[in-house]
Amino acid sequence: MFDELSMSFRIGNVPEIARYFDSSVEMKISEKQNVYSRNQAEMILHDFFDRHQPRAFVIIHRGASAKGTRYVIGNLTVLDGTLYRVTVSLRETPQGMFIQELTLENQ
């Protein structure tokens, strides 16, 4: 799954990323932070990639917390050369892994 997410961030494939969204997602993009429904989160991420075309994405760390939350941290480089730190927190359920938090911070 982490490889699929990595490829999706690399090419800006929002529908593929959004298929892992939980029913609500806490998102922070730059300075804006809120909890959004799955559909709202998909639209916000789509808007981000419309304004910031991805050029590269590299996972720099992945792991799990003591409570079982899994996470991945990566660097997203966009076309104008800006670097964003991407942090994705996922929870595992019997139905699969779902994104609960997504952060894109300008570095």
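The values are calculated or read from the model by the stated rules, or taken from the named source; none is laboratory data. No experiment lies behind these values; they were computed from the predicted model shown. Neighbour counts are summed over all protein chains in view; Cβ atoms, including those assigned to glycine, are modelled from backbone coordinates with ideal geometry. Remember, those area values only see protein heavy atoms, side chains included, never the ligands or the DNA or RNA. Shrake-Rupley method; radii C 1.70, N 1.55, O 1.52, S 1.80 Å.
Show the residue pairs meeting these rules: Cβ distance below 7 Å; 6+ apart or different chains; first residue within region 80-107 and in contact (Cβ under 8 Å) with a residue 24 or more places away in the chain and among the polar types (S, T, N, Q); second residue surrounded by fewer than 17 Cβ atoms within 10 Å (Cβ to Cβ) and not in a strand (DSSP E or B).
The qualifying pairs are 106/30; 106/82.
When region 83-92 is examined, which residues are found to be modelled with pLDDT of 95 or more and either of a type outside the set (A, V, I, L, M, F, W, C) or open to solvent by 40 Å² or more (accessible area, probe 1.4 Å) (or both)?
Answer for region 83-92, where residues must be modelled with pLDDT of 95 or more and either of a type outside the set (A, V, I, L, M, F, W, C) or open to solvent by 40 Å² or more (accessible area, probe 1.4 Å) (or both): 83, 84, 85, 87, 89.
All but one of (1) touching a helix residue (DSSP H, G or I) at 6+ places or on another chain (Cβ under 7 Å); (2) open to solvent by 60 Å² or more (accessible area, probe 1.4 Å) hold for residue 57, so report the exception by its number.
All conditions are met except number (2).
Just to be sure before I move on: is residue 103 β-branched (Val, Ile, Thr), out of contact with any Asp or Glu (no Cβ under 9 Å at 6 or more places or on another chain) and either surrounded by 11 or more Cβ atoms within 10 Å (Cβ to Cβ) or outside any loop (DSSP other than H, G, I, E, B) (or both) in the structure I sent? Before you say what the answer is, go through the steps one by one.
Details: β-branched (Val, Ile, Thr): yes; out of contact with any Asp or Glu (no Cβ under 9 Å at 6 or more places or on another chain): no; either surrounded by 11 or more Cβ atoms within 10 Å (Cβ to Cβ) or outside any loop (DSSP other than H, G, I, E, B) (or both): yes.
Criteria not met by residue 103.
Just to verify a result, which residue in region 1-48, among those that are of a type in the set (Phe, Trp, Tyr) and in contact with a Phe, Trp or Tyr (Cβ under 8 Å, 6 or more places away or on another chain), is surrounded by the most Cβ atoms within 10 Å (Cβ to Cβ)? Please lay out each step first, then the result.
Kept after step one, since they are of a type in the set (Phe, Trp, Tyr), are these residues of region 1-48: 2, 9, 20-21, 36, 48.
Those still in the list that are in contact with a Phe, Trp or Tyr (Cβ under 8 Å, 6 or more places away or on another chain) too: 9, 20-21.
Numbers: 9: 27, 20: 19, 21: 21.
Among residues in region 1-48 that are of a type in the set (Phe, Trp, Tyr) and in contact with a Phe, Trp or Tyr (Cβ under 8 Å, 6 or more places away or on another chain), the one surrounded by the most Cβ atoms within 10 Å (Cβ to Cβ) is 9.
Take the conditions aromatic (Phe, Trp, Tyr), out of contact with any helix residue (DSSP H, G or I) (no Cβ under 7 Å at 6 or more places or on another chain), open to solvent by less than 80 Å² (accessible area, probe 1.4 Å) and not in a strand (DSSP E or B) and apply them to residue 98. Does it pass? Working first, answer last.
Values: aromatic (Phe, Trp, Tyr): yes; out of contact with any helix residue (DSSP H, G or I) (no Cβ under 7 Å at 6 or more places or on another chain): yes; open to solvent by less than 80 Å² (accessible area, probe 1.4 Å): yes; not in a strand (DSSP E or B): no.
Judged against the criteria, residue 98 is not a match.
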